[in-house]
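Presented below is the structure to which this report refers.
All of the numbers you see were taken from the coordinates with simple rules; none came from a lab. Predicted model, so just to flag it, every value in this text is computed and none were measured. Glycine gets a Cβ as well: all are built from the backbone with ideal geometry, and neighbour counts include every protein chain shown.
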Amino acid sequence: METIVSVKDLSFSYGGSFKLSSITLNVEAGTVLALLGPNGCGKTTLLKCINALLKPEKGKVLIDGKNAHELKRWEIARLVGYVPQAHVPPFPYSTLDLVLMGRTAHLEFFQQPSNLDQQIAEQALRMVGLSHLGHRPYDQLSGGERQLALIARAIAQEPKLLLLDEPTAHLDFKNQFLVLDMVRRISRENGIGVIMSLHDPNQAIMFSDAVALMKNGSIFAVGPPHSVVTREKIETIYEISVRIVKHTDGSFIIPSMESFS
């Protein structure tokens with residue numbers, strides 16, 4: 001299977017006490033990697049390094065075989081679709097216009113989107129189930145619909161890699177699962193590699209092909225969900241007692257109430 005992104009011995013520091021140390025990861029086409037770890041462990045910083053928004057002190061990031069930090073910004077945008085934690089549009093664009101912005105990387109300066117660009121944006125909206133909301137102002141969408149619209153914008157870039165920073169943040173219970181299921185389906189059907197940061201280990205088990213546990217700026221463990229999301233490893237990462245609950249749909253992790261007594 002084709003390797004979409006390869007992070008090799010990457011280190012980064014803001015100059016203070018926090019530092020990413022010797023990160024090595026690989027993501028293949030059509031697979032989803034979940035980053036798990038407590039707040040401040042480096043998940044967002046790692047995503048920004050992969051997206052070449054931050055320059056590592058050491059190591060490199062190869063996207064589709066190209067060194068990300070040697071590429072121009074428009075070249076990165078043709079390879080990587082990035083969905084941040086939160087997005088507030090400066091103008092009440094229609095949902096379709098927001099998605100159409102994903103085609104910017106494929107246009108020359110002052111070039112207007114073509115009919116083909118319009119069709120690609122409309123197809124991206126169909127893929128996430130929002131084609132009926134294309135003409136509604138983006139700022140009038142629900143939280144789940146906004147997140148799907150941002151994913152559609154990233155898909156319209158026709159990327160090799162999708163980076164999603166806490167895609168379930170601020171979403172209700174139903175929309176968390178709707179968005180994650182959509183991400184997994186799009187990844188598999190289109191051969192797109194995905195790296196997403198999550199907070200819920202159970203969501204990582206359900207919707208990812210691999211999990212990387214992070215702690216203090218380092219990768220603590222990486223591999224298939226069943227071998228990484230274990231009681232011992234989760235307790236070490238989050239410093240909380242947990243229990244594994246067996247169910248017909250699989251195993252789930254829940255906090256042990258004795259941790260709070």
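How about the range 161-261: which GluC sites (Glu not before Pro) there lie in a loop by DSSP and see at most 12 other Cβ atoms within 10 Å?
Those that pass, being in a loop and sparsely packed, are E239.
Taking only C-alpha pairs under 8 Å that are 6+ residues apart, what is the relative contact order of the range 122-162 in percent?
46 percent
Relative contact order (percent) for the chain, with alpha-carbon contacts under 8 angstrom and 6 or more residues of separation?
About 25 percent, as a whole number.
Using unit Cβ charges (K, R positive; D, E negative) and no other charged atoms, how large, in debye to the nearest 20, is the dipole of the chain about its Cα centre?
360 debye
Once the convex hull of the alpha carbons of the range 91-235 is built, what does its volume come to per residue, in cubic angstrom?
137 Å³
Using amide H atoms built 1.01 Å from N in the peptide plane, name the residues 5+ places from A221, or on other chains, whose amide H lies under 5 Å from its own.
L213
Can you check how the C-alpha radius of gyration of the range 64-144 compares to 2.2 N^0.38 Å, as a plain ratio?
Dividing the Cα Rg of the range 64-144 by 2.2 N^0.38 Å gives 1.21.
About the Cα centre of the range 80-203, how large is the charge dipole given +1 on each Lys and Arg Cβ and -1 on each Asp and Glu Cβ? Please answer in debye to the nearest 20.
For this selection, approximately 220 debye.
Please turn the phi angles of the range 15-29 into ³J(HN,Hα) values with the Karplus equation 6.51 cos²θ - 1.76 cosθ + 1.60 (θ = phi - 60°), one per residue in order, whole Hz, x for glycine and proline.
Result, ordered by residue: x, x, 7, 7, 7, 7, 10, 6, 7, 10, 8, 9, 10, 9, 4 Hz.
Got the relative contact order for the range 94-233 handy, in percent, Cα pairs under 8 Å and 6 or more residues apart?
20 percent
Using only Cα atoms and rounding to the nearest 10 degrees, what angle (0 to 90) does helix 143-156 make with the longest principal axis of the chain?
Once rounded, one gets 60 degrees.
So, how do all the Cα-to-Cα distances of the range 1-151 break down into 10 Å bins, in percent, from 0 on up?
Percent of pairs per bin, in order: 10, 32, 33, 21, 4, 0.
Would you mind checking the tilt of helix 115-127 against the longest principal axis of the Cα atoms of the chain, expressed as 0 to 90 degrees and rounded to 10?
Its long axis makes an angle of about 30 degrees.
Between I244 and F177, what length comes free when the chain is fully extended (0.36 nm per residue of separation minus the Cα-Cα distance, one decimal in nm)?
Value of the extension gain: 22.1 nm.
What number, rounded to the nearest 500 deg cm²/dmol, is the helix-based mean residue ellipticity at 222 nm of the chain, given -39500 (n - 2.57) per DSSP H run of at least four residues and division by all its residues?
-9500 deg cm²/dmol
In nm², what is the average projected area of the convex hull enclosing the Cα atoms of the range 119-189?
Answer in nm², one decimal: 4.7.
Hey, could you grab the Kirkwood Rh for the chain? Inverse mean 1/r over distinct alpha carbon pairs, Å, one decimal.
19.1 Å
For the range 89-124 and the range 202-234, what is the centre-to-centre distance using only Cα atoms, to the nearest Å?
Computed from Cα coordinates, the inter-centre distance equals 36 Å.
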